[in-house]
Amino acid sequence: MLSKKIKVSLIALAAVFSVQAYADSGFKVPVHYNVELVDGIEDYSGYSRFSRMIELGSGKHQVVLSFKDTFKDGKDTKLVQSVNPVVINIEDLKKDQVVTFKYKLPSSIDQAQRYAEQQKITLTDSNGRELNKSEASYFVLTSDRGFTLMRDYKAELTSLGRLYAPTDVPDAQRGITMTKYGTPTIRASSTGSYGSGPAQGLTMEPMSSSTSAMSTSAVGGGVVGSSVTYNELVNMYNSADDATKLKFVKYVMSH
């Protein structure tokens, strides 16, 4: 009897949390999709991987998602991912409104691969009502580069004039803020240039046993820097020619 009461209480509690989750304004991320950008921000702090909910305030928003997950066929397991992300523009999110989308969920590797090429979705609210284009719309962001290991979606959207990033401030105008732990911090943009200008034709210098940090140099000579961040490495990779990219990928795969 006690066990039954506990089960009933847990079910009721889960229902309360479910209602509360949908009472917030935001975007519900469908299964098999990963969050890349929210209003131009990477690693958006308002996204919960547990509930798959992106908390958003009222008004205009942009969400960029990529299709990527493992699928099974009997004993076979394969990672399937789309070459291109889906960009969703929410024109005017209302208070307590949740936007999401529905699509035919793949049940096999073959279905997942076919869907990854098409990515046809239907934008809806949390009640399943289909949204019209004045409420929300989407497009698939393709690139002349084709498939690459790392794409800068923010830079691509900026180049097309389709990025929505209301919190973006030019690097030179960014001030110091405080984290929730009371630590002073200043955040550089992912598109910021390194040194005096954008990196072009960068190659990786071989590392000697006495080298403690990775260094890079331009094709024309001259050291670019002694310490490279993740975003700078991405920019260097994207700026390199195809032959250099191939050499770099082979280097990474062999280490």
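Any read-out appearing in this document is the output of simple, stated calculations on the displayed coordinates, not a laboratory observation. The structure displayed is predicted, hence computed values, not measured ones.
I'd like the Karplus ³J(HN,Hα) series for segment 104-109: coefficients 6.51, -1.76, 1.60, θ = phi - 60°, whole numbers in Hz, and an x wherever there's a Gly or Pro.
6, 5, x, 10, 8, 5
Quick one: of 72/154; 72/245; 28/133; 120/247; 102/245, which pairs are farther than 25 Å apart, Cα to Cα?
Distance filter (> 25 Å) returns 72/154; 72/245; 120/247; 102/245.
Whole-Hz ³J(HN,Hα) for each residue in segment 156-166, computed from phi via Karplus 6.51 cos²θ - 1.76 cosθ + 1.60 with θ = phi - 60°, x for glycine and proline: what do you get?
Going residue by residue, I get 5, 5, 5, 5, 8, x, 10, 7, 10, 9, x Hz, with x marking Gly and Pro.
May I ask for the equivalent-ellipsoid semi-axes of segment 26-176, computed as the square root of five times each C-alpha gyration tensor eigenvalue and listed largest first in whole Å?
Gyration-tensor ellipsoid for segment 26-176: 26, 20, 14 Å.
Using 5 Å bins from zero, what percent of all Cα-Cα pairs in segment 34-123 falls into each bin?
In whole percents, the pair-distance histogram is 3, 12, 21, 22, 18, 12, 7, 3, 1, 0.
Under 5 Å between amide hydrogens, which residues at least 5 positions from residue 60 or on another chain qualify, with H placed 1.01 Å from N in the peptide plane?
Correct list: 93.
Skipping prolines and chain starts, which residues have an amide H placed within reach, meaning under 5 Å, of the one on residue 131, given they are 5 or more residues away or on another chain?
123, 124, 125
Please list 3J(HN,Hα) in residue order for segment 118-123, calculated via the Karplus relation 6.51 cos²θ - 1.76 cosθ + 1.60 where θ = phi - 60°; whole Hz, with x for glycine and proline.
Coupling constants for segment 118-123: 9, 6, 8, 10, 10, 6 Hz.
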